[in-house]
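Right, one structure below, let's go through it.
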Amino acid sequence: MSESLQNDAGSTGGRLLWLDIARTAALLGMVVFHFFHDLEIFGILPRGTTVTGGWDVFSSLVAGSFLFIAGISFRLAHGGGVRWRSFLRRFVVLCLAAALVSLATFVVFPENFIRFGILHCIALSGVLGLLCLRLPAVVNAGLAIVFMMAPDHLRSDLFNADLLLWTGLATATPPALDYIPVLPWSGLFLAGLAAAQMLRPGRHRPGVALSAPYAKGAAFLAWPGRHSLTIYLLHQPILLGLIWTGVTLVS
């Protein structure tokens, strides 16, 4: 879901293996959570299963990991200077994908459609990243904390209007399959950006080349992370279709 990365130690094809593998892990967590959530939709699991028993914490960790990784990727992609063509192309793709998700969920789940989900938040966080790219790491880390704490202190009924739900400052959470507002979630994007600044990846020592079996294994694990947006868009229709097929065959 994030920008292509600059060449660096431990990279192949201009991408960092470890970051792609981290994104793959986040995708795996997403698929696992949505699989169990879809079982709720079909009545196989009791309603509310995925908001109890630690599932809500798990889903927050998955969403937060995507934003944190996106922040790291943004810094690595644009730390040497904003690559405007790449940024604008990716921003447009994310906006179109976010609009598609909103439209599709409105058609299928009109009462709980996604008004502002993870793709919406990543897209807007990228604009925020442009504003914060040249700020010192300590400032971005401080802003990350402010963003994450803001909803606890600034909520108001004034933000309950649909056009302001993206802020995260509403006093009522809208019914939605996915709701990832700017506050507090973009704070994790800023935290990732600050972490990348502190790591100073451009000064890493050269990585040690992996032997063939390990290199193939690493490339296999990294492949989903390199196609995260496509997997995000396709995984739910596939999961729903598989579960529907299973339910139909059993009944």
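The values are calculated or read from the model by the stated rules, or taken from the named source; none is laboratory data. Note that the coordinates shown come from a computational prediction; the quantities given were computed from them, not determined experimentally. A quick note on method: Cβ atoms are made from the backbone with ideal geometry, for glycine too, and the neighbour counts reach across all protein chains shown. Quick note on the areas: whole protein, heavy atoms, side chains included, nothing else; ligands and nucleic acids left out. Shrake-Rupley method; radii C 1.70, N 1.55, O 1.52, S 1.80 Å.
At least 1 residues being in contact with a helix residue (DSSP H, G or I) (Cβ under 6 Å, 6 or more places away or on another chain) and at pLDDT below 90 is the threshold, and among the helices (runs of 4 or more DSSP H) wholly inside the stretch 175-251 those reaching it are 212-226. The condition (being on the phi > 0 side of the Ramachandran plot, within 21 Å of the chain's Cα centre (by Cα) and among the small types (Gly, Ala, Ser)) is satisfied by just one residue among GLY168, GLY117: GLY168.
Taken together, the criteria place VAL31 among residues that are among the aliphatic types (A, V, I, L, M), open to solvent by 40 Å² or more (accessible area, probe 1.4 Å), modelled with pLDDT of 95 or more and out of contact with any strand residue (DSSP E or B) (no Cβ under 7 Å at 6 or more places or on another chain). Restricting attention to the stretch 64-71, does a residue exist that is outside any helix (DSSP H, G or I) and either of a type outside the set (Phe, Trp, Tyr) or in contact with a strand residue (DSSP E or B) (Cβ under 7 Å, 6 or more places away or on another chain) (or both)? The answer is no, given that none of the residues of the stretch 64-71 is outside any helix (DSSP H, G or I) and either of a type outside the set (Phe, Trp, Tyr) or in contact with a strand residue (DSSP E or B) (Cβ under 7 Å, 6 or more places away or on another chain) (or both).
Restricting the stretch 38-55 to residues that are within 14 Å of ASN112 (Cβ to Cβ) and open to solvent by 40 Å² or more (accessible area, probe 1.4 Å), the residue that is nearest to the chain's Cα centre (by Cα) is VAL51. Of all residue pairs spaced 6 or more apart or on separate chains, those with beta-carbon atoms under 6 Å, a first member in the stretch 222-249 that is on the phi < 0 side of the Ramachandran plot and a second member that is part of a helix (DSSP H, G or I) and among the aromatic types (Phe, Trp, Tyr) are LEU239/PHE35.
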